[in-house]
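The structure under discussion appears below in the form of structure tokens.
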Amino acid sequence: MRAAKLLALVFYCGLCGCAVSLCGCIPVDIGEFLTPGGKPSDKKIVSNYEQTELKVSKAADVLTQVHMPEYELLSKSKSVIACQGKKRRKWEVWFNAVAFDENELTANRKYLFIVNERPKKLFTEPWEGVRFDCETVLEGDVLDEPYANENARRVAILKRVLEDFRKDMDEVGSDNKKLKICRMMVNQALETVLLKLDSSPALASKLSEPEGVSFSHTNLDRGRIQMTRVDDVVKIKMRLGSFTKKFIGERKYKCSECGYIYDPVAGDPEHGVKPGTSFKDLPDYWVCPGCGAGKSEKTWVKCGRK
Ligand code: FE
């Protein structure tokens with residue numbers, strides 16, 4: 001609605017491709033008006049990313065899963081499909097990319113970046129950070145090779161993820177400035193983590209824990225990374241800058257009936273809930289261990305951020 005009102009005040013100049021306001025001669029970037037206002041939500045972007053199933057999704061599936069027609073397609077090569085969008089506010093940008101297995105032609109790796117560079121304003125704090133998620137199918141050598149211990153294997157796996165990430169981003173080969181900056185930040189962050197693990201190898205065992213491993217980041221001050229593996233599929237969750245605050249993602253919730261506190265870091269393993277499960281992701285069957293209240297009942301109140 002707001003975009004429609006703004007459009008009423010401008011006309012499009014066919015000669016130079018810019019928009020000119022009727023009340024003066026102020027050049028306006030027409031792309032700003034054509035970008036769907038405030039959309040898509042982070043939830044939608046993440047949901048698109050999650051729809052791609054490694055070893056199953058083919059290029060045609062991926063195109064409908066990660067690419068929204070109103071946003072830019074950066075690469076549609078045989079090996080990588082990548083797309084990006086900018087929200088109405090210029091400081092929010094996102095990328096989705098999927099790389100394919102050359103023989104099977106199914107998705108082999110997928111990446112998601114959300115970058116936020118919200119500046120400080122009168123009533124809001126600045127929010128500068130990167131959310132990076134990645135899922136990749138590992139080749140046999142890094143899984144089968146006899147490493148000295150599991151920590152050495154974890155480091156080798158992380159190195160492989162970084163190599164693949166560089167290769168896939170090269171394949172996208174776009175001149176997109178934001179993508180280049182994101183690539184640089186993620187690259188820097190993964191190199192910093194590898195250096196940290198090199199000096200303290202025992203830390204690698206914490207990579208799969210809900211809190212992951214924290215580290216310093218050159219541009220964004222701090223970061224946190226988690227790496228989990230199920231058979232030959234590795235999942236990386238990395239947050240830089242302000243996004244680090246949301247690493248565990250959710251507050252604790254207290255049952256006002258009986259005083260039980262659900263802590264997402266601990267989960268509820270006795271009742272089948274893994275550590276690191278946020279309150280909203282609790283299974284429907286789960287009830288308060290103290291009084292039996294369901295998770296959708298009004299008895300639950302937020303009680304502080306982890
Ligand atoms: Fe309770």
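Taking the condition of being part of a loop (DSSP other than H, G, I, E, B) and either more than 16 Å from Arg251 (Cα to Cα) or within 12 Å of the ligand (Cβ to nearest atom) (or both), how many residues in the stretch 275-297 meet it?
The number of residues fulfilling the criteria is 12.
Restricting the search to the stretch 239-262, which residues are surrounded by fewer than 17 Cβ atoms within 10 Å (Cβ to Cβ) and at pLDDT 90 or above?
Ser256, Glu257, Cys258, Gly259, Ile261
Is at least one residue of the stretch 130-138 modelled with pLDDT of 80 or more, open to solvent by 40 Å² or more (accessible area, probe 1.4 Å) and closer than 22 Å to Arg224 by Cβ?
Checked against the condition, which is being modelled with pLDDT of 80 or more, open to solvent by 40 Å² or more (accessible area, probe 1.4 Å) and closer than 22 Å to Arg224 by Cβ, the stretch 130-138 yields at least one hit.
If only one of Asp198, Asp221 is open to solvent by 20 Å² or more (accessible area, probe 1.4 Å) and at positive phi, which one is it?
Answer to the check: Asp221.
List the number of the failed condition for Val265; all other conditions in (1) assigned to a strand (DSSP E or B); (2) open to solvent by 20 Å² or more (accessible area, probe 1.4 Å); (3) away from the ligand (no atom under 16 Å from the Cβ) hold.
Unmet for Val265, out of (1) assigned to a strand (DSSP E or B); (2) open to solvent by 20 Å² or more (accessible area, probe 1.4 Å); (3) away from the ligand (no atom under 16 Å from the Cβ): (1).
Pairs needed: first member in the stretch 277-290, acidic (Asp, Glu); second member anywhere, within 13 Å of the ligand (Cβ to nearest atom); C-beta distance under 8 Å; at least 6 residues apart or different chains.
From the stretch 277-290, the pairs are Asp284/Lys295.
Over 30 Å from Thr52 (Cα atoms), touching a residue at least 24 places away in the same chain (Cβ under 8 Å) and touching a strand residue (DSSP E or B) at 6+ places or on another chain (Cβ under 9 Å) - does that describe any residue in the stretch 229-250?
Checked against the condition, which is being over 30 Å from Thr52 (Cα atoms), touching a residue at least 24 places away in the same chain (Cβ under 8 Å) and touching a strand residue (DSSP E or B) at 6+ places or on another chain (Cβ under 9 Å), the stretch 229-250 yields no hits at all.
The values are calculated or read from the model by the stated rules, or taken from the named source; none is laboratory data. Owing to the predicted nature of the structure, the values given are computational and were not obtained by experimental measurement. Neighbour counts run over all protein chains shown; Cβ positions are idealised from the backbone, glycine included. Each accessible area value is taken on the protein alone, full model and side chains, heavy atoms only, with ligands, DNA and RNA left out. Shrake-Rupley method; radii C 1.70, N 1.55, O 1.52, S 1.80 Å.
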